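Colleague: Pasting a structure below so you can have a look.
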Amino acid sequence: MSTTEEFRRNSDNFCYRHPDRQSFVLCQRCMRTVCSECRTPAAVGVICPECMAQQQAAQTPAQKKAERRWASRSRPMTVVASGRPRVTLTIVAVTGLVYIIGLIPGVGGLVANLLAFNSIFVLPQAGVFQPWRLFTVALVHSGFFHVGLNMLALWFIGRSLEPMLGRARFLVLYLLGALGGSVAVTLLAPGVWTVGASGAIFALFGALLVIGRHIGADIRVIGILIAINFAWPFVLAAINAIGSGDFIGSLTAVGISWQAHLGGLITGALVGLIYARTRTASRRGVQIGSLVGLGVALLALLAIPAVLF
């Protein structure tokens, strides 16, 4: 992500110990920005090295003795969080595993049919309620290039965004993005089968766009990438419609769920806005409440087709 001069001058956007490392995580005690290498997991949030040293120095002899006894009876604990994007790698691994299982004759079809999404499975009048499909749709893909491109995009964005947000926030963003994509498909394309992590991927785009704008980064490149990816199915449909004259039919034939893209993008932008406006430790409760409220609101939107149809 390219940055503006205003962004580079604001030290709050970078780790106080490594000025070249951008981060979005604060020490819960001193509220300074810390990167993944410098933060130590605490009961709530993370602690920077200086605050950790002060905390250890303030321990009573009894506390130090108890800590030594605990350490001698248990495995060594890692006090510094790893900078590896573990959530991103885990999602890529699980999605890849599901794709490989999908290649097994006689098994793959069953897995895809169990995890793919169709709005009929969240409408009470359909008689079959399988809400897990709202999320598991992100695990199944239509082919090698489909899963490959989605996971490549996840890796490129996740390796930068996950250390900035923290693992838990990143995972919540991904899951809410998948949910938002499924909800948009329910509202805009009822009865249509969809597969793929496009909704979750576009949620990462949306969050990155909003967070980048909030901290003063140059978001023009991100905006262009979003526009190109979102417009691509419409461009293909327009090209195909030149011969047939049926744009809507061509758009359906393209096989790309622009509805999931739209839903994921909007959801991700909202999550990014929540993260940007509730960055401090004192607003952690507001952040959690807002995320829960967004999830409930998305689920409530599923009632619209249930009422209309």
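Colleague: Inside segment 171-196, can you point out the residues that are in contact with a Pro (Cβ under 9 Å, 6 or more places away or on another chain) and either surrounded by 24 or more Cβ atoms within 10 Å (Cβ to Cβ) or polar (S, T, N, Q) (or both)?
Modeller: Thr186
Colleague: Another question, if that's okay. When you look at Phe230, is it under 15 Å from Ala269 (Cα atoms), modelled with pLDDT under 85 and open to solvent by 30 Å² or more (accessible area, probe 1.4 Å), yes or no? If you could, list the steps in order and put the result at the bottom.
Modeller: On the way: under 15 Å from Ala269 (Cα atoms): yes; modelled with pLDDT under 85: yes; open to solvent by 30 Å² or more (accessible area, probe 1.4 Å): yes.
Criteria met by Phe230.
Colleague: For Gly199, which of the numbered conditions (1) at pLDDT below 90; (2) open to solvent by less than 30 Å² (accessible area, probe 1.4 Å) fails to hold?
Modeller: Status for Gly199: all satisfied but (1).
Colleague: Looking only at segment 116-140, count every residue that is open to solvent by less than 30 Å² (accessible area, probe 1.4 Å) and not aromatic (Phe, Trp, Tyr) and tell me the total. Before the answer, list the steps.
Modeller: Going through segment 116-140, the residues open to solvent by less than 30 Å² (accessible area, probe 1.4 Å) turn out to be 116-119, 121-123, 133-134, 136-138, 140.
Now narrow it down to the ones that are not aromatic (Phe, Trp, Tyr): 116, 118-119, 122-123, 133-134, 136-138, 140.
Within segment 116-140, residues that are open to solvent by less than 30 Å² (accessible area, probe 1.4 Å) and not aromatic (Phe, Trp, Tyr) number 11.
Colleague: Still on this structure: Report every pair of residues separated by at least 6 positions or lying on different chains whose Cβ atoms are under 6 Å apart, first residue within segment 254-276 and within 25 Å of Val192 (Cβ to Cβ), second assigned to a loop (DSSP other than H, G, I, E, B).
Modeller: The qualifying pairs are Gln259/Ala189.
Colleague: If you don't mind, another one. Would you point out which residue out of Arg17, Arg29, Arg21 is closer than 11 Å to Pro163 by Cα, among the basic types (Lys, Arg) and open to solvent by 20 Å² or more (accessible area, probe 1.4 Å)? Give the derivation first.
Modeller: Numbers: Arg17 fails: closer than 11 Å to Pro163 by Cα; Arg29 fails: closer than 11 Å to Pro163 by Cα.
Going through Arg17, Arg29, Arg21 in turn, the sole match is Arg21.
Colleague: Of everything in segment 122-146, what is hydrophobic (A, V, I, L, M, F, W, C) and either out of contact with any Leu (no Cβ under 9 Å at 6 or more places or on another chain) or under 19 Å from Gly177 (Cα atoms) (or both)? Give them in sequence order.
Modeller: Within segment 122-146, the subset hydrophobic (A, V, I, L, M, F, W, C) is 122-123, 126, 128-129, 132, 134-135, 137-140, 144-145.
Correct list: Val122, Ala126, Val128, Trp132, Leu134, Phe135, Val137, Ala138, Leu139, Val140, Phe144, Phe145.
Colleague: Among the residues of segment 100-158, write down those that are outside any helix (DSSP H, G or I) and among the β-branched types (Val, Ile, Thr). Talk me through it step by step, then tell me what you get.
Modeller: Of all residues in segment 100-158, those outside any helix (DSSP H, G or I) come to 103-107, 116-118, 122-123, 127-132, 140-143.
Ile104, Val107, Val122, Val128, Val140, listed by residue number.
Colleague: Taking Ala238, is it open to solvent by less than 70 Å² (accessible area, probe 1.4 Å), at pLDDT 75 or above and either within 24 Å of Asn10 (Cβ to Cβ) or part of a helix (DSSP H, G or I) (or both)?
Modeller: Values: open to solvent by less than 70 Å² (accessible area, probe 1.4 Å): yes; at pLDDT 75 or above: no; either within 24 Å of Asn10 (Cβ to Cβ) or part of a helix (DSSP H, G or I) (or both): yes.
Answer is no for this residue.
Colleague: Taking Ser142, is it farther than 24 Å from Leu299 by Cα, small (Gly, Ala, Ser) and more than 17 Å from the chain's Cα centre (by Cα)? Show your work before the answer.
Modeller: Working: farther than 24 Å from Leu299 by Cα: yes; small (Gly, Ala, Ser): yes; more than 17 Å from the chain's Cα centre (by Cα): yes.
Judged against the criteria, Ser142 is a match.
The values are calculated or read from the model by the stated rules, or taken from the named source; none is laboratory data. Bear in mind that the values here come from a model prediction, so they are computed numbers and not experimental data. Because the Cβ atoms are built from the backbone with ideal geometry, glycine has one as well, and the counts that use them run over all protein chains shown. We work out accessible area using only protein heavy atoms, side chains counted, and drop any ligands, DNA or RNA first. Shrake-Rupley method; radii C 1.70, N 1.55, O 1.52, S 1.80 Å.
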